[in-house]
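Report on the structure given below.
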Amino acid sequence: MIGFNLNKTKRQFTEVLADQFPQREAEQLMRILLEDLFGLDLTRQLMEPKLRIDETQYARLEHAVQQLLEGVPVQYVTGKAWFDGLLFHVDESVLIPRPETEELVQKIAETWPIDQPLRIWDIGTGSGCIAIALAKRFPHAEVVAFDVSEAALETARQNASLNEVRVKLVCDDVLHPQSDLWKHPVDLVVSNPPYIRESEKVAMERNVLEHEPSQALFVPDDDPLLFYRQILGLAQQQLTPNGSVWFEINEALGEEMIQLCHEMVFEGEILLDFWGKQRFLFLKRQF
Ligand code: GLN
C-alpha cells in the first residue's frame, strides 16, 4: 500500500517529540500539526484510523516536527496564532501574541461605548493584533497602527485583510516620529512596547530568545521606560480631554511607571493580569 498510515505516523512522531516535550504537550503539538498541515481536526484523526498520507505529506510533517525540536514555537511552524477570537498570521517578523495582551484588549473594550466614533493609535503594532482586535470590536473607530519594522507591517497588513478590517498601517519610529499622523487628535493610545531589560534575558526561554524579534522585546537596562516616556510626550500633545492611554508594562517596573506618569502629568492606575502580576497601566490626563 502506498503512503503511510496516519495513526502510526502520528504515534511515531509523538514519541520523537516526547523526548523533548512533556507527553501531553507532545500529543497536543501533533494534533496541531495534523490539523494545520492536512486539515484533519481531532475527530477525524480519531475516527478514521485507516487514513493514509503520501510521501510529500510525510516529509512536510517530518520537517515541522524537526522545527519544533529545534525550538521554533509552534505558532511560527504553522504560521498561525489566535488572539481575541481572531486568527492571525505570524512569522519571525513579529511577536507571537500573548494572552496578557488579549486581556489588555478586553479591558480597553470595557471602557468605551462600541457605537461611537473613536480615534485609536496602536504604537509598535507588530502582527497588528491589538489594532485589528480593537478595529473589530469598535466598528466606528479609526485605527492607526505604527511600527518601525516594514516586515512587521507587511504581516499586520495581511492580518487586517484576513480579518476584514481597515487599519491604517504606518511605518515610523516612535522614538524619532516623522509622520504627520502624530499631529492628529487621538482618543485612545495603546501600546505594548519593548519592555524587557537586557539583564532579564537570562530568565527567558530559548525559543523566545532565538526566534522572536528582539527589537520588539528588549530595552536597555539604564533606560527601560524610554518608549513609555516618548509615547506619553506625544499623548500630552494629542490626547483629547476624555482620552486615555493604555500600556502593557513590565511587572517589575510598576512603581517607576507610576512615577513617570506623574512627572508627565497623567493619572495612572495599575491593573493586574490573570497571574496577579502588575501588567497594565490605564492613564488619563491630569487637569
Ligand atoms: N510579554 C512579552 C514576553 O514576555 C514581552 C512583550 C514586550 O516586551 N512588550 O515575552
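Among the residues of the range 86-101, the one identified as without any contact (Cβ under 8 Å) to a residue 60 or more places away in the chain and buried (at least 20 other Cβ atoms within 10 Å of the Cβ) is PRO97. Evaluation of PRO241 against the conditions (1) part of a strand (DSSP E or B); (2) open to solvent by less than 40 Å² (accessible area, probe 1.4 Å); (3) away from the ligand (no atom under 14 Å from the Cβ) shows that the sole unmet condition is (2).
Here are some residues: VAL189, VAL208, VAL202, VAL219. Which one is away from the ligand (no atom under 13 Å from the Cβ), β-branched (Val, Ile, Thr) and either open to solvent by less than 70 Å² (accessible area, probe 1.4 Å) or within 24 Å of ALA141 (Cα to Cα) (or both)? So that I can check it myself, show each step before the final result.
Details: VAL208 fails: away from the ligand (no atom under 13 Å from the Cβ); VAL202 fails: either open to solvent by less than 70 Å² (accessible area, probe 1.4 Å) or within 24 Å of ALA141 (Cα to Cα) (or both); VAL219 fails: away from the ligand (no atom under 13 Å from the Cβ).
The match here is VAL189.
Results for (1) modelled with pLDDT under 95; (2) in a loop (DSSP other than H, G, I, E, B); (3) in contact with a Gly (Cβ under 7 Å, 6 or more places away or on another chain), shown as yes or no for each residue.
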| residue | (1), (2), (3) |
| --- | --- |
| LEU40 | yes, yes, no |
| ARG44 | yes, no, no |
| LYS50 | yes, yes, no |
| GLN57 | yes, no, no |
| PHE88 | no, no, no |
| PRO97 | no, yes, no |
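Restricting attention to the range 125-164, the residues being at positive phi and surrounded by 24 or more Cβ atoms within 10 Å (Cβ to Cβ) number 2. Screening ARG44 with (1) in contact (Cβ under 8 Å) with a residue 12 or more places away in the chain; (2) closer than 30 Å to ARG98 by Cα; (3) surrounded by fewer than 17 Cβ atoms within 10 Å (Cβ to Cβ) gives one miss only, at (1). Here the range 104-124 is the region considered, the condition is being surrounded by fewer than 19 Cβ atoms within 10 Å (Cβ to Cβ) and under 15 Å from ARG279 (Cα atoms), and the residue that is nearest to the chain's Cα centre (by Cα) is GLN106. Looking at the structure I just gave you, is ALA160 under 21 Å from ILE108 (Cα atoms), away from the ligand (no atom under 16 Å from the Cβ), hydrophobic (A, V, I, L, M, F, W, C) and under 15 Å from the mean Cα position of the chain (by Cα)? Yes, satisfied. Taking the conditions (1) open to solvent by 50 Å² or more (accessible area, probe 1.4 Å); (2) touching a strand residue (DSSP E or B) at 6+ places or on another chain (Cβ under 9 Å) in turn, VAL170 satisfies each one other than (1). Filtering the range 263-286 to residues that are farther than 22 Å from ASP187 by Cβ and touching a strand residue (DSSP E or B) at 6+ places or on another chain (Cβ under 8 Å) leaves LEU272, ASP273, GLN278, ARG279.
Among the listed residues PHE227, PHE247, identify the single one that is near the ligand (Cβ under 10 Å from one of its atoms), part of a helix (DSSP H, G or I) and either crowded, with 21+ Cβ neighbours inside 10 Å or in contact (Cβ under 8 Å) with a residue 40 or more places away in the chain (or both).
Values: PHE247 fails: part of a helix (DSSP H, G or I).
Of PHE227, PHE247, the one residue that is near the ligand (Cβ under 10 Å from one of its atoms), part of a helix (DSSP H, G or I) and either crowded, with 21+ Cβ neighbours inside 10 Å or in contact (Cβ under 8 Å) with a residue 40 or more places away in the chain (or both) is PHE227.
All conditions but one from (1) in a helix (DSSP H, G or I); (2) of a type outside the set (S, T, N, Q); (3) farther than 25 Å from ILE114 by Cα apply to ASP221; the one that does not is (1). Report, by residue number, each residue of the range 59-77 that is surrounded by 17 or more Cβ atoms within 10 Å (Cβ to Cβ), touching a residue at least 24 places away in the same chain (Cβ under 8 Å) and in a helix (DSSP H, G or I). Passing the criteria: LEU61, ALA64, VAL65, LEU68, VAL74, TYR76, VAL77.
The values are calculated or read from the model by the stated rules, or taken from the named source; none is laboratory data. All figures in this text were calculated on a predicted structure; none of them were measured in a lab. Positions of Cβ are backbone-derived with ideal geometry, glycine not excepted, and every protein chain shown enters the neighbour counts. We work out accessible area using only protein heavy atoms, side chains counted, and drop any ligands, DNA or RNA first. Shrake-Rupley method; radii C 1.70, N 1.55, O 1.52, S 1.80 Å.
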